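The values are calculated or read from the model by the stated rules, or taken from the named source; none is laboratory data. Everything quoted here is computed from the prediction, not taken from an experiment. All Cβ positions, even for glycine, are placed from backbone atoms using ideal geometry, and neighbour counts span all protein chains on display.
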Amino acid sequence: MKTIEARFTLYAVGLFISTIAERIVTAIISSVTNLSAATHLIAFHFISTIILVFFFILSTVGIKWFIQRDFITRLIHKHNYIGGRWVEIVVDSNSVFHHYNILDINHGAYSISLVGTTFDKELNFDYKFVSLHATLEDGEMLSYTFVQRNFADSAILDMGVLKFFSHDAKSVPREYFGNYRQYIRVKEEDGITLTQQEVFSLRAFRLDEVNFKEFICNGSKGKKKKDVKNITKDELEEIMIKCKEKVCSEQKRINLDLSTKSIIKESEKV
């Protein structure tokens, strides 16, 4: 809704500017051609209307282009901006790494849309998925339904929930945790694909200049990337692998801490 409100506000400003421009141009034409409402009422108002419509169409096209710019969307949503590209590290119900996702989130005028690509453990393309509906609550909890095609030609409806967070309350979210339900292929039997539903958990990192330098540029002679949308396939794969290493190493540390606490509790009982 914030995008719609901003768009209506800009359109109102555009209409105001168009009206002023029309008055100025009409006044110039009148002074040059001696055309005035007093002497040529119909012609004067006809030309005035044509000029106004021209400026309004021109401003509307310009505003439509302007409002779609990423920096404007960021300005509108401020610290609730979750748009952009994200790298997801997905684990199965046994907390074992399962696959990668690349997720593109877009703040539309009326809703948020998600388009993703799934890669297997070896970084081979698996399938694509797209959201049918997404709702962002309190700027941090995103619930969504999506369709994915990964076997046969059947579209399967699944759903998930993502929790965004930032280390700085005034900055946009840089990571999120989440989970989603998904049907996976179990086996083929008599030409029929048998499936079962599984719940996957994930952790994701925003793919922007900051994370690019964190995962790629450390130790690479100060290399900088201005536009992460144009990164190469090899760079994207390297980022996904390093994100996985970070998640797995942190998970091992958490498991070790839990194991240590369990041992301490058992020793205290003795």
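Key figures for this structure:
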item: Any hit, the range 222-244, residues being among the β-branched types (Val, Ile, Thr), in a helix (DSSP H, G or I) and either modelled with pLDDT of 70 or more or outside the structural domain of Val96 (by TED's automatic domain parsing) (or both); result: yes
item: When residues of the range 198-211 are limited to those that are in contact with a helix residue (DSSP H, G or I) (Cβ under 7 Å, 6 or more places away or on another chain) and among the charged types (D, E, K, R), the one modelled with the highest pLDDT; result: Arg203
item: Given (1) over 26 Å from the mean Cα position of the chain (by Cα); (2) modelled with pLDDT under 75; (3) assigned to a helix (DSSP H, G or I), number of the condition Ile20 does not satisfy; result: (2)
item: Checklist (1) at pLDDT 65 or above; (2) surrounded by 10 or more Cβ atoms within 10 Å (Cβ to Cβ); (3) part of a helix (DSSP H, G or I) applied to Thr195, failing item; result: (3)
item: Flag if Asp153 is surrounded by fewer than 16 Cβ atoms within 10 Å (Cβ to Cβ) and modelled with pLDDT of 90 or more; result: no
item: Residue within the range 169-179 that is farther than 22 Å from Thr117 by Cα, surrounded by 10 or more Cβ atoms within 10 Å (Cβ to Cβ) and modelled with pLDDT of 85 or more present; result: yes
item: Val96 vs. criteria touching a residue at least 60 places away in the same chain (Cβ under 8 Å) and assigned by TED's automatic domain parsing to the domain that holds Leu157; result: no
